[in-house]
Amino acid sequence: MKAEAVVVIEKLIHGGEGLARLSDGQIVFVSDVIPGEKVRIQITQKLGDYALARPLEILEPDSRRRKPVCPYFSSCGGCQLQHLPYERQLEEKLSIFCETLERTGRLSAKELVSGIVPSPNEFFYRNRLQFHVHQETGALGFLKRRSHDLVPVRECALAAPEINQVIEKLPDIPAWKRIHPYVKRVNLALSLAERKVVLLFWSQLAPRQEDLAEIFKELPVLKAIYYWIKGRNPVGPFPENAEDQGRRRMPIPKDIADTAEDIFLWASPGVFVQANWDINLSIMAYLKEILPLEPGKEILDVHSGIGNFLLPLARRTTCGEGVDTDHRAISDARENADLWDLPEVRFEVSSAIEALINYLKEARFFPLVLLDPPRGGCKEILRFLPDVVLEKLVYISCDPPTLARDLKILQKFGFRIISIRAFDMFPQTFHLESVTLLEKTS
């Protein structure tokens with residue numbers, strides 16, 4: 001029998017768990033709780049100077065606690081905060097964000113952070129999701145919390161309705177039952193312009209064309225099907241005459257794009273696109289608000305992807321350069337630059353560090369540089385930035401701890417933080433996006 005205890009939750013930490021203390025002073029982290037609650041817990045694991053636990057009974061619940069809308073919440077590892085009303089989620093996430101900046105980065109968060117931008121939708125907002133496949137049933141699912149066990153789902157409370165149609169119906173299609181034993185992962189991504197889903201799966205064997213045809217017929221919400229066995233590119237689209245060759249069209253309003261009419265960005269299957277498009281648009285608008293943009297002011301984006309942030313900014317500067325390691329994203333970016341009528345914006349396949357080293361060799365400088373790194377941050381390239389950035393640096397982050405670490409380093413390299421704003425890209429989860437504006441001081 002695992003040990004039980006009664007604790008009072010002191011606060012939430014990065015990761016969404018509550019921090020409490022056992023009678024001997026040892027720290028314990030508890031899932032699905034709210035600060036101030038008195039909880040009877042069961043210790044599930046002891047790890048050195050701290051322990052992990054799950055709640056058995058909420059003895060004194062917070063008055064604003066709510067019932068999670070998702071039946072998989074207690075087991076699925078995707079969400080951590082559904083038991084908190086959305087306003088409370090924003091409060092807690094902003095508090096955790098500021099504490100992380102202060103503790104890890106030694107920053108004065110209260111002076112620098114100008115608040116958090118809420119998501120227009122707290123549920124059903126994700127335009128893309130990646131799933132594991134249950135090898136017996138073919139159901140799509142997510143990994144259980146702190147486990148490699150799969151939790152099959154028939155609906156995800158974060159996914160767009162069209163994606164949920166595929167989640168629900170795909171496992172019952174006979175053709176999928178024939179295919180799924182060879183499939184490990186599935187990516188479902190919504191093309192927002194026409195509300196159609198692109199299905200991409202990773203397979204050990206090439207599926208029969210008639211099976212793909214059956215799946216496509218049974219799921220009218222699909223735009224195209226692709227599969228990936230090996231190599232640099234997936235196989236597809238199926239059908240061969242799929243609209244736009246199965247690529248996604250992600251719309252941008254004309255007031256954000258600085259175009260005469262609404263426009264869009266192309267995105268190939270499997271290429272990264274921000275999951276919450278409404279918040280993505282909010283970040284685009286915010287960047288235009290805080291940055292001095294004028295013709296001829298060249299912008300460098302060292303994690304450019306499909307040109308998501310660079311192109312809207314370059315509409316005012318007319319020039320810029322983007323690099324990314326994903327050759328398919330760069331191909332999309334080049335086509336997007338043509339679509340946006342920006343011939344002076346160039347995109348190249350390169351890692352950020354290779355590109356910066358080349359700019360140093362060429363003695364090239366940029367008035368404005370954008371960083372939008374993956375979750376691990378970009379510590380390896382920070383030392384090159386003082387010799388490449390002339391004026392302003394923007395750091396778009398999806399991970400507060402690595403952001404705090406990198407900002408601390410950037411200050412030592414002669415950058416001053418002007419402002420930080422948080423954006424709730426991922427409601428119901430502990431994840432948070434942020435935009436930091438810095439200027440070069442030496």
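The values are calculated or read from the model by the stated rules, or taken from the named source; none is laboratory data. All figures in this text were calculated on a predicted structure; none of them were measured in a lab. Every residue, glycine as well, gets a Cβ built from its backbone with ideal geometry; the counts of neighbours run over all protein chains shown. Keep in mind that these areas ignore ligands, DNA and RNA; they rest on the heavy atoms of the full protein, side chains included. Shrake-Rupley method; radii C 1.70, N 1.55, O 1.52, S 1.80 Å.
Panel values: region 380-442, Kirkwood radius from alpha carbon pairs, Stokes-Einstein at 37 °C and 0.692 mPa s, translational diffusion coefficient 267 µm²/s. Measuring spread by the Cα atoms of the chain yields a radius of gyration and Dmax of 23.2, 69 Å. The alpha carbon centroids of region 244-303 and region 73-141 are separated by 23 Å. Modelled this way, with points 7 Å down the Cα-to-C-beta line, the labels at LYS110 and GLU240 are 6.7 nm from one another.
Rounded to the nearest whole Hz, the Karplus-based 3J(HN,Hα) values (6.51 cos²θ - 1.76 cosθ + 1.60, θ = phi - 60°) of region 44-61 follow the sequence 9, 6, 10, 10, x, 8, 8, 10, 10, 8, 10, x, 9, 7, 8, 6, 10, x, with x at glycine and proline.
Sorted from greatest to least, the principal axis extents spanned by the alpha carbons of region 214-269 come out as 41, 29, 14 Å. Rounded to the nearest Hz, the phi-derived 3J(HN,Hα) couplings of region 389-401 under the Karplus curve 6.51 cos²θ - 1.76 cosθ + 1.60 (θ = phi - 60°) are 7, 8, 10, 10, 10, 10, 10, 9, 10, 10, 8, x, x, where x marks glycine and proline. A convex hull fitted to the Cα coordinates of region 80-147 yields 153 cubic angstrom per residue.
Surface composition of the chain: carbon plus sulfur atoms hold 51% of the accessible area, using a 1.4 angstrom probe and ignoring ligands, DNA and RNA.
Would you mind getting the accessible area per residue of the chain, heavy atoms of the protein chains only, 1.4 Å probe, in Å²? List each step's numbers first, then the result.
On the way: 19010 Å² over 442 residues.
Accessible area per residue: 43 Å².
Listed values for region 233-238 are Karplus-derived 3J(HN,Hα) couplings in whole Hz (6.51 cos²θ - 1.76 cosθ + 1.60, θ = phi - 60°), namely 9, x, 8, x, x, 10, and x replaces Gly and Pro.
Using only side-chain charges placed at the Cβ, +1 for Lys and Arg and -1 for Asp and Glu, the dipole size of region 1-131 relative to its Cα centre rounds to 300 debye.
Which of the three applies to region 122-263, rounded, prolate or oblate, going by the alpha-carbon gyration tensor with a ≥ b ≥ c and a/c under 1.5 meaning rounded? It is oblate, given that a/c is not under 1.5 and a/b is not larger than b/c.
Classification of region 6-157 by its C-alpha gyration tensor yields an oblate form. The axis ratio a/c (a ≥ b ≥ c) is 1.5 or more, and b/c is at least a/b.
Counting every pair of alpha carbons in region 297-442, the share spaced more than 21 Å apart comes to 42 percent. Check which residues have an amide H placed less than 5 Å from ARG21's amide H, if you skip close sequence neighbours. Under 5 Å from the amide H of ARG21 lie the amide H atoms of VAL8, VAL28, each far enough along the sequence or on another chain. The value obtained for region 341-413, namely the Cα convex hull volume divided by the number of residues, is 109 Å³ per residue. Net charge of the neighbourhood of GLY105, taken over other residues with C-beta under 11 Å away and scored Lys/Arg +1, Asp/Glu -1, is +1. Only helical runs count toward this figure. For the chain, summing -39,500 (n - 2.57) over DSSP H runs of n ≥ 4 and dividing by all residues gives -7500 deg cm²/dmol at 222 nm.
Other residues with beta-carbon under 10 Å from the beta-carbon of ARG208 carry, at +1 per Lys or Arg and -1 per Asp or Glu, a net charge of -2. For the pair LEU143 and GLU261, the difference between a 0.36 nm per residue extended length and the Cα-Cα distance amounts to 38.2 nm.
Work out the FRET efficiency for ILE418 and LYS361 from their Cβ-Cβ distance, taking R0 = 22 Å, and round it to the nearest 0.05.
Rounded to the nearest 0.05, the efficiency is 0.15.
Summing Lys and Arg as +1 and Asp and Glu as -1 over all other residues whose Cβ lies under 10 Å from the Cβ of CYS398 gives a net charge of -2.
Nearest 0.05, what FRET efficiency do ASP341 and GLU439 give at R0 = 30 Å with Cβ-Cβ as r?
Computed FRET efficiency for ASP341 and GLU439: 0.50.
The protection proxy used here, the mean number of other Cβ atoms lying within 10 Å of each residue, ranks peptides 295-308, 269-282 as follows, highest first: 295-308, 269-282. Pairs exceeding 19 Å between alpha-carbon atoms, taken from LYS196/LYS217; LYS288/LYS361; LYS297/LYS379; LYS379/LYS412; LYS11/LYS408; LYS254/LYS288: LYS288/LYS361; LYS297/LYS379; LYS11/LYS408.
Provide the FRET efficiency to the nearest 0.05 for the ARG232-ALA193 pair, computing r from the beta carbons and using R0 = 22 Å.
Step by step, r from the Cβ atoms, then E = 0.25.
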